[in-house]
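Written out below as structure tokens is the structure these notes cover.
The values are calculated or read from the model by the stated rules, or taken from the named source; none is laboratory data. Note that the coordinates shown come from a computational prediction; the quantities given were computed from them, not determined experimentally. In this analysis, Cβ positions are derived from the backbone assuming ideal geometry, glycine residues included, and neighbour counts consider all displayed protein chains. What goes into the accessible areas is simple: the full protein's heavy atoms, side chains included, and nothing from ligands, DNA or RNA. Shrake-Rupley method; radii C 1.70, N 1.55, O 1.52, S 1.80 Å.
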Amino acid sequence: MRIALVGPELEENLALRYLHASLLRAGHEALIFDFHSPEQTAAIARQILAYAPHIVGLSMVFTGRAREFAALAGMLTGLGYPGHITAGGHFASFHAEQLLSDVPAIDSIVHGEGEAALVDLAGRLADLGAVSGISYRGEGGTVVHTAARTVCTDLDALPWPT
């Protein structure tokens, strides 16, 4: 599976790099796209479309950037992106219901530590209900919350960030 991870990379973004390493270790192909300014929205959308990922993961950590990420998701779907768009990070986790209600381009939200959840999501796109630690839009637009994931207490079990 090919995954695009999108977030600010002005300096090393350890969150994205841990996700990237986890996806690679699980046998997926993944690229990080540096999105640090709203002026980049159209260019990043074109780059993501050219990469043709199955999943786009948005690192929605900060409230102040939420509209930029929502606009990018909307632009991707408006340009015909056929894949799954998920969001994670503090902001996305705390505002999952609102994001899934207000931003139709976002298909799911990953809660908490995303390394295992994103790998699981990549392997189970056809059965979102089987992925622990996410919220997604279910039948009739209702928001479905899956069971919480157990917290990883052995940090040595995670691959070294790329």
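What the table shows:
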{"read-out": "Candidates 99, 76, filtered to the one that is open to solvent by less than 30 Å² (accessible area, probe 1.4 Å), outside any strand (DSSP E or B) and under 26 Å from residue 150 (Cβ atoms)", "value": "99"}
{"read-out": "Number of the condition not met by residue 133 [criteria: (1) closer than 27 Å to residue 43 by Cα; (2) buried (at least 22 other Cβ atoms within 10 Å of the Cβ); (3) touching a Lys or Arg at 6+ places or on another chain (Cβ under 6 Å); (4) not hydrophobic (A, V, I, L, M, F, W, C)]", "value": "(1)"}
{"read-out": "Test: residue in the range 20-39 that is in a helix (DSSP H, G or I) and of a type in the set (Phe, Trp, Tyr)", "value": "no"}
{"read-out": "Subset of the range 79-96 (residues that are open to solvent by 40 Å² or more (accessible area, probe 1.4 Å) and either in contact with a helix residue (DSSP H, G or I) (Cβ under 8 Å, 6 or more places away or on another chain) or touching a residue at least 24 places away in the same chain (Cβ under 8 Å) (or both))", "value": "79, 80, 90, 95"}
{"read-out": "Residues located in the range 79-96, provided they are among the hydroxyl-bearing types (Ser, Thr, Tyr), out of contact with any Ser or Thr (no Cβ under 8 Å at 6 or more places or on another chain) and not in a helix (DSSP H, G or I)", "value": "81"}
{"read-out": "For residue 107: the one exception among (1) charged (D, E, K, R); (2) loosely packed, with under 14 Cβ neighbours inside 10 Å; (3) within 21 Å of residue 16 (Cβ to Cβ)", "value": "(2)"}
{"read-out": "Single match in 52, 126 (criterion: at positive phi, exposed (fewer than 14 other Cβ atoms within 10 Å of the Cβ), out of contact with any Pro (no Cβ under 8 Å at 6 or more places or on another chain) and not basic (Lys, Arg))", "value": "52"}
{"read-out": "Exclusive hit being under 15 Å from the mean Cα position of the chain (by Cα) and at pLDDT below 95, set 89, 74", "value": "89"}
{"read-out": "Output for the range 53-64, where each listed residue is under 15 Å from the mean Cα position of the chain (by Cα) and free of Cβ contacts under 8 Å to residues at least 60 places away in the same chain", "value": "53, 56, 58, 59, 60, 61, 62"}
